[in-house]
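The values are calculated or read from the model by the stated rules, or taken from the named source; none is laboratory data. Fair warning: this is a prediction, and the values are worked out from it, not measured in the lab. A quick note on method: Cβ atoms are made from the backbone with ideal geometry, for glycine too, and the neighbour counts reach across all protein chains shown. SASA here: full protein model, heavy atoms, side chains in, ligands and nucleic acids out. Shrake-Rupley method; radii C 1.70, N 1.55, O 1.52, S 1.80 Å.
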Amino acid sequence: MTDSTAATFAVPVTPDQPQRAPAASAERIVSLDFIRGIAVLGILFANIVAFGQPEIAYLWPPALGAGATRLDETFWLFQFVFIDEKFRVLFVLLFGAGLYLFTERAWARGDGRGLQARRLLILLLFGLMHYFLIWIGDILSLYAVWGLVALSTMKWKAKTQLRVGIAIIVIKSLGMTALATMSYTAANVSAAAETTSAAARAQIAQVETEALAEARKETVVYQGSYAAILADRLSEAGKFLRAGLLTGGAETFCLVLIGMALYRLGLFSGAVEATRLRRWGWSLLIPGLLLAAVAGYWPWATGFGLTKTILVFSSLGKLPHLLTAFGLLFLLVVWAPNAAQTPLGQRFAAAGRMAFSNYLGTSLLMMPIFHGWGLGLYGELNRIELFGVVLCVWALMLGWSKPWLARFRYGPLEWLWRCLTYGKRFPFRRAEAD
């Protein structure tokens, strides 16, 4: 890799080019769009349980509305190993790459970081509306807040961004895993003592009972009216603002840094040999999947105790998921240039160009499917049935994105975001004059 910035992906500026304008189609990096398309589809798979079941069921199968069958538990294991966290990490890395790409092009047109800050503040507004009005699983506000923090690192060398990002995220992941493991071990050593085992078991059972009761309460809310759902959401506003934007903040910031650095070092422009990327990719992907399988097998084989499952999902799986995500990124970078030219690959690239619209559009679509004022399926579908919903929405995303972009220059929300960012209306239909 070379530590280059503008030289990596120079943007041609001609005298008749608008001073302040979003990237034209010819300026787009197809590999980024293609990988982003895969990421936005994968995020739906990861999130589907949180759309259609109580929040705790996302990580703990016994909290499913009708209880968990062995098939549900096995599907949890499959999703934990191959899906969970990987595509979110991929999405944040691409967000970081896009953050620097936008700023680089803004610099080439005479703008500074202020334009990027304005863009991120608008994204924050979208994220807050998404959280409060549509779905509690919003990630846009988190990206916006930590993207603003990352703007202060724009002048760092690319290798400095990479080293700082990797160092912090590895230390954080290992530290959290060590602390959580020690806490879990200490609790179980206490429970193993003859004098305290009965009390400890009763306390663990009480925690699980309370978690199930909270899940049932959440199901009742979401099977009710939109007003009841909104009132419940607003009651959690303080918790979200205090903790929601901070939870995962260090990891998000580090991944944004790494994404910026990888873009600047030429990962998406062909500056890294394909042979090297394949070697890196498989060297990270295979150990990541194996470690995740070992971690996930533990609760699967021992009855999905709540504390054990939380330990695995929130701590032991972190580093394996990161390894897998980076390995997948490197392999996709190799495959993307050719894959994006195939008929199916073009549809993934189109979905990636419209990732903002597809992400928020998915949340809007899930509301009438699961909420009580719609079909009322919240808490009703098991994991296999929820995956059927995923397949239908995947078909929709891949089906509509390419025809839409054949008629329009941007996705609907991408266009709105650009207009708000630059403070003027840009042509929307392809037939409109520039």
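The table below gives the values:
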quantity: Carbon + sulfur, % of accessible area of the chain - ligands and nucleic acids excluded, 1.4 Å; calculated: 67 percent
quantity: Accessible area (Å², per residue) of the chain, counting only protein heavy atoms and a probe of 1.4 Å; calculated: 44 Å²
quantity: Peptides ranked, highest mean first, by Cβ atoms within 10 Å: ranges 294-303, 55-64, 361-370; calculated: 55-64, 361-370, 294-303
quantity: Cα gyration tensor category, rounded, prolate or oblate, for the stretch 69-178 with a/c compared to 1.5; calculated: oblate
quantity: Nearest-ten-degree value, helix 412-422 long axis tilted from longest Cα axis of the chain; calculated: 60 degrees
quantity: Tensor-based shape of the stretch 250-394 (alpha-carbon gyration tensor, a/c under 1.5 rounded, otherwise prolate or oblate); calculated: oblate
quantity: Of LYS86/LYS308; LYS86/LYS424; LYS86/LYS217; LYS172/LYS239; LYS239/LYS308, those spanning more than 28 Å from alpha-carbon to alpha-carbon; calculated: LYS86/LYS424; LYS86/LYS217
quantity: Prolate/oblate/rounded call for the stretch 276-361, Cα gyration tensor, a/c under 1.5 rounded; calculated: oblate
